[in-house]
Amino acid sequence: MFAVVMSVWKGLTPCFMVVCSFIVLSDGAPVNNEKTSDDLQTTRWLTKYGYVSQESLSERGPGRLKNGTEVLSPPVDFNLTAAIVKMQRNYGIPVTGKVDNATRHIMHTPRCSVKDPMDWLSVDVAPYVLSGTKWHKFHITYKITEYTPRLSQSEVRRILHDAFQIWSDYTPLDFTEVTSGNADMLIAFPRWDHQDGTPFDGRWDPDRGTGLGLAHAFMPPRSERMAKKYGIDGDTHFDGDELWTTGTHRGVDLLQVATHEFGHALGLGHTLVPGTIMYPAYMYKDKYCIHPDDLQGIQAMYGSRQSKKPLIPICSLLPEKCHDSKYDAVLQFRGDTYFIQGIQFFRRQSHKVVGPILLTKMWVDLPDKVDAGYERKDGFVFFFGGSKYWKYNGRQLEPGYPRYISSDFGLPSDLDAALPWQPTGKTYFFKGDQYWRYDEETSRIDDGYPRPISVWKGVPNHVDAATQYIDDDSVYFFKGRRYYKYSEKALLVLPEYPRYTAEYWMDCPPQSPDEEDDDDDIYIPLRPQPTRLYYRSAGSHPLPLMTLMCLTVILASIFSK
């Protein structure tokens, strides 16, 4: 028997070596120089875009560009995992501390060379990011000192004029091109190292993931006194090696990149709000528009001006009720049901759905996202967002609000749902897998709470919203694109639920299987090409094919003896 086992072992040793190698590689262990090279490339990206400070690197560094050739240096002594985690949190992807597919995808996407701000996660920072500097005048001159050979000079001048006009259409700023003498902004198309501290890296190659830096710009001078006639403040540089184009997916669209860079030259930083002009990654847009987040940022510095015929329109953020039926809050107000979604809401009346309508047209001064809301029986309306809440007398905000949830309600921040329930006369608050019962008369949480949501039989954890419908004796819980009907008589979710919210509340046609929720996949729309990348969650771990083959050989060898 021992001889048989040894014979099988000798025959299968190469197979086990392959399997073990696969497992080691999948765990990310440094088994060869290629892994070291990957770490160096990752370090270069993290350093270039602000996630690793130069001071934390040794003199030998992560690599340099020499005559257009990338030169790799030995590893450096710093916390690579911490830098990766910071980057993953900023971009809202799963935090693993490793260069997984989602992280690698972002690192291989062409983008602006300006560094990312490190305060994106601060709760005190607006979605848009300001650099802290701006121009102290409203008439700004610019001069093109170097052109790209990819487009004619007349095309370049027209495109850059249009990029400036996009900003001037919505602000009191005016831009004038000059061809001689001094100018506030200098614009050029240099190649590689052009002596400004931020060298370019050659033409973007989507197959190799190289040449990702497309352009960069410098912020305005800190004061009019500090402005330099020939300084670098406000200057913009486009990589001269790029295939600059106009109005096409092919190459890199100069108008869209220039509008982004001129945003920097005017004082805007990067933002992670998808679809904005100031998003750091490049993705060609067929229907180019200016995002409200961009407008809020630029107008916070310079004020507003509405052109009669702007070059590009303001992006519409109004959701389509039948395609996007996830809601932040649902509440009853004056006999109608309000479905709140970001900065808009839909209103369900007796026989029709109205909207979408801007939320601030109904309740002023609300944040861009609310977590929960309800109307109290005395007519006061409460909204909860983050750590604060707003109190309205109908539609009028009460003086002194917003206030903090924890101090007035004794509840945690970031609530999931709020529900005034007639059978008990109490208000229920939900978060995660717990709920609280609040007494409006005594203004305190009842004893014995929080309790597990499982008390509400059939109601899932982490609901998005909840409301009691005025026309029946039921409570409705919303999660994702579905809702659950909870019977007050049976004290459980009815067996024919959940159902699709869009179909039964928004009067939409039945939802097709292609539109159903897929909780296992995460779609990250960063790639300029129409290719979709899906990343499988940790819920499924398919056994490697090589492992199955080896197990098959083992069993066959044993049973054949």
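Here are the numbers for this structure:
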read-out: Condition met for Pro498 (over 22 Å from Gly385 (Cα atoms), loosely packed, with under 13 Cβ neighbours inside 10 Å and at pLDDT 90 or above); value: no
read-out: Check on Asp414, touching a Phe, Trp or Tyr at 6+ places or on another chain (Cβ under 9 Å) and either in contact (Cβ under 8 Å) with a residue 40 or more places away in the chain or part of a loop (DSSP other than H, G, I, E, B) (or both); value: yes
read-out: Pick from segment 72-122, criterion aromatic (Phe, Trp, Tyr) and part of a loop (DSSP other than H, G, I, E, B), ranking: modelled with the highest pLDDT; value: Phe78
read-out: Residue that is surrounded by the most Cβ atoms within 10 Å (Cβ to Cβ), among those in segment 461-479 that are more than 26 Å from the chain's Cα centre (by Cα) and not in a strand (DSSP E or B); value: Tyr469
read-out: Matching strands (runs of 3 or more DSSP E) fully within segment 138-193 where at least 1 residues are over 33 Å from the mean Cα position of the chain (by Cα), modelled with pLDDT of 95 or more and not polar (S, T, N, Q); value: 139-144, 174-177
read-out: Residue check for Ile187: buried (at least 20 other Cβ atoms within 10 Å of the Cβ) and over 22 Å from Tyr288 (Cα atoms); value: yes
read-out: Residue list for segment 307-351, restricted to those being in a strand (DSSP E or B) and either modelled with pLDDT under 85 or within 30 Å of Asp162 (Cα to Cα) (or both); value: Ile314, Gln344
read-out: Matching residues, segment 480-501, being touching a residue at least 40 places away in the same chain (Cβ under 8 Å) and either on the phi < 0 side of the Ramachandran plot or over 32 Å from the mean Cα position of the chain (by Cα) (or both); value: Arg481, Glu488, Tyr500, Thr501
read-out: Leading residue by the ranking (nearest to Tyr469 (Cα to Cα)) among those in segment 423-455 that are outside any strand (DSSP E or B) and either touching a Lys or Arg at 6+ places or on another chain (Cβ under 6 Å) or in contact (Cβ under 8 Å) with a residue 60 or more places away in the chain (or both); value: Pro423
read-out: Segment 352-405: number of residues that are among the hydroxyl-bearing types (Ser, Thr, Tyr) and either surrounded by fewer than 12 Cβ atoms within 10 Å (Cβ to Cβ) or assigned to a loop (DSSP other than H, G, I, E, B) (or both); value: 2
read-out: Residue match in segment 417-432 (condition: crowded, with 21+ Cβ neighbours inside 10 Å, within 30 Å of the chain's Cα centre (by Cα) and charged (D, E, K, R)); value: yes
read-out: Residue match in segment 172-182 (condition: buried (at least 19 other Cβ atoms within 10 Å of the Cβ), assigned by TED's automatic domain parsing to the domain that holds Leu254, more than 24 Å from Gly247 (Cβ to Cβ) and touching a residue at least 24 places away in the same chain (Cβ under 8 Å)); value: yes
read-out: Residue match in segment 434-451 (condition: among the hydrophobic types (A, V, I, L, M, F, W, C), on the phi < 0 side of the Ramachandran plot and within 32 Å of the chain's Cα centre (by Cα)); value: yes
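The values are calculated or read from the model by the stated rules, or taken from the named source; none is laboratory data. Because the structure is predicted, anything quoted here is derived from the model rather than measured. Positions of Cβ are backbone-derived with ideal geometry, glycine not excepted, and every protein chain shown enters the neighbour counts.
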